[in-house]
1. Which residues, counting only those in region 157-188, are more than 9 Å from the ligand (Cβ to nearest atom), farther than 16 Å from residue 113 by Cα, among the charged types (D, E, K, R) and not in a helix (DSSP H, G or I)?
2. Conditions: (1) in a helix (DSSP H, G or I); (2) more than 9 Å from the ligand (Cβ to nearest atom); (3) touching a strand residue (DSSP E or B) at 6+ places or on another chain (Cβ under 8 Å). Residue 123 meets all but one. Number of the miss?
3. Of all residues being under 21 Å from residue 180 (Cβ atoms) and aliphatic (A, V, I, L, M) in region 1-28, which is farthest from the ligand (Cβ to nearest atom)? Just the residue, please.
4. If you check residue 140 against the conditions, is it within 8 Å of the ligand (Cβ to nearest atom) and open to solvent by less than 20 Å² (accessible area, probe 1.4 Å)?
5. Please go through region 53-86 and pick out each residue that is within 11 Å of the ligand (Cβ to nearest atom), in a helix (DSSP H, G or I), free of Cβ contacts under 8 Å to residues at least 40 places away in the same chain and surrounded by fewer than 16 Cβ atoms within 10 Å (Cβ to Cβ).
6. From (1) within 22 Å of residue 134 (Cβ to Cβ); (2) open to solvent by less than 40 Å² (accessible area, probe 1.4 Å); (3) within 11 Å of the ligand (Cβ to nearest atom), pick out the condition that doesn't hold for residue 89.
7. Output the number of residues of region 35-52 satisfying the condition of being closer than 27 Å to residue 102 by Cα, more than 8 Å from the ligand (Cβ to nearest atom) and within 18 Å of the chain's Cα centre (by Cα).
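The values are calculated or read from the model by the stated rules, or taken from the named source; none is laboratory data. All figures in this text were calculated on a predicted structure; none of them were measured in a lab. With ideal geometry, Cβ positions are generated from the backbone for all residues, glycine too; neighbour counts draw on all protein chains shown. For the accessible areas, the whole protein counts, side chains as well, though only heavy atoms, and no ligand, DNA or RNA atoms are used. Shrake-Rupley method; radii C 1.70, N 1.55, O 1.52, S 1.80 Å.
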Amino acid sequence: MKVILLGPPGVGKGTQAQKLQQERGLRQISTGDILRQAIKNQTALRQQADDYLRRGELVPDELMLGLIAETLFGAEAPRDYVLDGFPRTIPQAEGLDKLFAQHGVSLDSVIQLSADPDAIVSRLSARRTCRKCNAVYNLLTNPPRDPLRCDACGGELYQREDDRVETITRRLQVYTKQTEPLAEYYRQRGQLKIVPADGTPSEVFQRIINAIGG
Ligand code: AP5
């Protein structure tokens, strides 16, 4: 099964992608996590990606398409996966369609998570992420037992640099301009399903399962 999760920053894509991985065996492919890992490991990609993430801007399409082609069709390609944070522009969606066609692969579902912008800012401001295993917490709605340590692996919890209020605002603007048009792109293909992202993560997860027919 191949699923795309769309939606604004902080709507809960990563939280739901992790649940789909843990409970349904779909590999979470988060382009944000891949880029942050490259920056941490100081790979060549770091030079190109670091500034964009810091400013809340999108990394260029060509770079992202190369990265996704290697991840989805390289030596360690997964069979079933959920794309979390890709595609993010129309050229990325078109590039993905071409890759799928070249490899004879078809997309099963595109899920658009929707939430109130105020809820998004509040969710992002209180987010904490594990440096080691990328588990996602929220100091208000899903607090870790120890605010500095991951419940799952004991790794250090940190606040993402792009979760400062001014960068959140920029990310939301970028989303509206560059990513929101994707909903129409997939709606025209009859692939879009809109899922409200309010309620608990488990409630949202159940709606996603119903939408993908799992
Ligand atoms: P990325 O890491 O993909 O960030 P994003 O899309 O902005 O999304 P977030 O990770 O901020 O939020 P989320 O929707 O996953 O929410 P989460 O589950 O964590 O991208 C970062 C950057 O990388 C981009 O700005 C760009 O520069 C670059 N990039 C990445 N992909 C790219 C691409 N394809 N092209 C170009 N550039 C790219 O939840 C948020 C918080 O809410 C958490 O604290 C969580 O615990 C809490 N929460 C979740 N669900 C609920 C709920 N139901 N109720 C209450 N709280 C909840």
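1. 164
2. Only one criterion in (1) in a helix (DSSP H, G or I); (2) more than 9 Å from the ligand (Cβ to nearest atom); (3) touching a strand residue (DSSP E or B) at 6+ places or on another chain (Cβ under 8 Å) is unmet by residue 123, namely (2).
3. Looking only at region 1-28, we keep the residues that are under 21 Å from residue 180 (Cβ atoms), and these are 3-17.
Adding the requirement that they be aliphatic (A, V, I, L, M) leaves 3-6, 11, 17.
Details: 3: 14, 4: 11, 5: 8, 6: 9, 11: 5, 17: 7 Å.
Among residues in region 1-28 that are under 21 Å from residue 180 (Cβ atoms) and aliphatic (A, V, I, L, M), the one farthest from the ligand (Cβ to nearest atom) is 3.
4. no
5. Correct list: 62, 63.
6. (1)
7. 0
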